[in-house]
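All of the numbers you see were taken from the coordinates with simple rules; none came from a lab. On a predicted model such as this, the values are computed, not experimentally measured, just so you know. Methodologically, a virtual Cβ is constructed for each residue, glycine included, from the backbone with ideal geometry; neighbour enumeration extends over all protein chains shown.
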Amino acid sequence: MEFRKQAIKTSVVACVIDGSGRVLLTRRTVQPFHGLWVMPGGKIDHGEPILQALHREVREEVGIEVRVEGLLDAYEHIGVGSHGDHFVILYYRAAPLTLELRPDGIECDEAAWVEPARLPQLELAPGARHILVRLYPDLPWPAASAAAVACSPEQPGYCPVAEG
């Protein structure tokens, strides 16, 4: 039997909604979820306070400052990538203090303020979709994928994802 120490990777993500109701999304240029639309965020560094990590990630990825308004949900990805990574992602609602987006070109190559009506048409990462469906339940969301259907209602925010 092969033993390999595994760690749960904890991340923070900002669901930034401006005064007009638009949502900030970025298109990922790295794995996991390369090419999909997500909200800015990333891993919490060892010893880094959660909200400090959230502010840092938003600033690094899109160059804006935000005001954190509260925790929306936790979302879990299990079995991601070739190493079977396990992510726990804390989604926070935030309001922008500045609006001019400057994508970093490293983790995202595009950033946009998106009208809610357009959200169901975008290719979203599973966690982003989960949060946005909760925030905008009345939008015409397409049918969930097979992986999303397998999510357990007893575990809010839980969905196993097999990304290669």
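Summary table
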read-out: Mean projected area in nm² (Cα convex hull; one quarter of hull surface) for segment 62-115; value: 5.1
read-out: Cα centroid of segment 12-28 to Cα centroid of segment 111-126, whole Å; value: 9
read-out: Theoretical gain in end-to-end length, Lys43 to Lys9 [0.36 nm per residue, Cα-Cα removed]; value: 11.6 nm
read-out: Segment 8-163 pair-distance distribution - Cα-Cα, 5 Å bins, rounded %; value: 2, 9, 19, 24, 23, 14, 7, 1, 0
read-out: Label-point gap, in nm, between Thr29 and His83 - each point 7 angstrom along Cα→Cβ; value: 2.2
read-out: Stretch gain in nm, segment Trp113-Glu100, where the contour uses 0.36 nm per residue and the Cα spacing is subtracted; value: 3.7 nm
